[in-house]
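Notes follow the structure.
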Amino acid sequence: TACPVGTYKAAAGNGDVSKCANCPKDASTANAGSTSRSACYCKADFYGDATAERGSCTACGEKSSTNGNTGVTSASGCTCAAGYYYASDSSGAACTACPVGTYKAAAGNGAVSACLKCSNGGDTNGNTGVTLASGCRCAAGYYSTNGTDGSECTACPVGTYKAAAGNGDVSKCANCPK
């Protein structure tokens with residue numbers, strides 16, 4: 001009988017499944033019947049060298065993943081989720097939430113500059129890790145161009161004002177006193 005997935009047997013010989021060696025924790029093989037440790041690879045969302053004698057697999061950091069890829073050998077193969085950027089190294093192993101007033105729509109690694117500022121001085125109402133421009137709110141003096149969210153904000157027309165931050169159409173801009 002072939003050794004099951006996640007195990008291998010390097011030497012020829014008879015015996016039951018107990019003769020099969022396990023790949024390291026969080027590692028597997030692609031198929032049953034593997035004949036060497038070199039068939040072991042780290043599972044999705046883990047990285048490392050599962051083929052080395054004392055090899056191991058390490059989980060990607062919080063808010064990062066390998067995007068379903070297996071066999072990733074270094075932390076640089078981990079990618080920060082949308083709303084997050086890497087803080088101190090060039091891998092997804094140390095992902096940090098985008099700061100207040102910014103958003104990041106796509107997964108990927110990059111510095112804090114990968115987090116885009118909300119439109120026209122808008123903010124994220126104190127939230128970090130915002131994933132879409134629609135998570136922004138328009139600043140005082142601005143209304144929602146689309147009438148509903150802060151993805152794009154337009155200045156109130158001349159002769160009108162909006163005292164507080166918030167979203168909504170141009171009707172949120174009040175007429176100035178006469």
So C78 passes all but one of these: (1) out of contact with any Phe, Trp or Tyr (no Cβ under 7 Å at 6 or more places or on another chain); (2) buried (at least 19 other Cβ atoms within 10 Å of the Cβ). Which condition number does it fail? (1)
Only residues that are over 17 Å from the mean Cα position of the chain (by Cα) and assigned to a helix (DSSP H, G or I): list them for region 118-134, please. S119, N120, G121, S134
Output the residue which, of all residues in region 42-67 that are hydrophobic (A, V, I, L, M, F, W, C) and farther than 26 Å from Y84 by Cα, is most open to solvent (accessible area, probe 1.4 Å). A52
Top-ranked residue in region 149-178 [being closer than 25 Å to A97 by Cα and polar (S, T, N, Q); ranked as surrounded by the fewest Cβ atoms within 10 Å (Cβ to Cβ)]: S151
Within region 9-41, restricting to residues that are within 17 Å of C57 (Cα to Cα) and touching a helix residue (DSSP H, G or I) at 6+ places or on another chain (Cβ under 8 Å), the one that is surrounded by the fewest Cβ atoms within 10 Å (Cβ to Cβ) is A30
Any idea how many residues of region 29-45 are within 8 Å of G71 (Cα to Cα) and either aromatic (F, W, Y) or not in a loop (DSSP other than H, G, I, E, B) (or both)? 2
Taking N167 as the residue in question, decide whether it is of a type outside the set (D, E, K, R) and part of a loop (DSSP other than H, G, I, E, B). yes
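The values are calculated or read from the model by the stated rules, or taken from the named source; none is laboratory data. Note that the structure is predicted; figures quoted are calculated from it, not measured. For neighbour counting, all protein chains shown are included, and Cβ atoms are generated from backbone atoms with ideal geometry for every residue, glycine included. We work out accessible area using only protein heavy atoms, side chains counted, and drop any ligands, DNA or RNA first. Shrake-Rupley method; radii C 1.70, N 1.55, O 1.52, S 1.80 Å.
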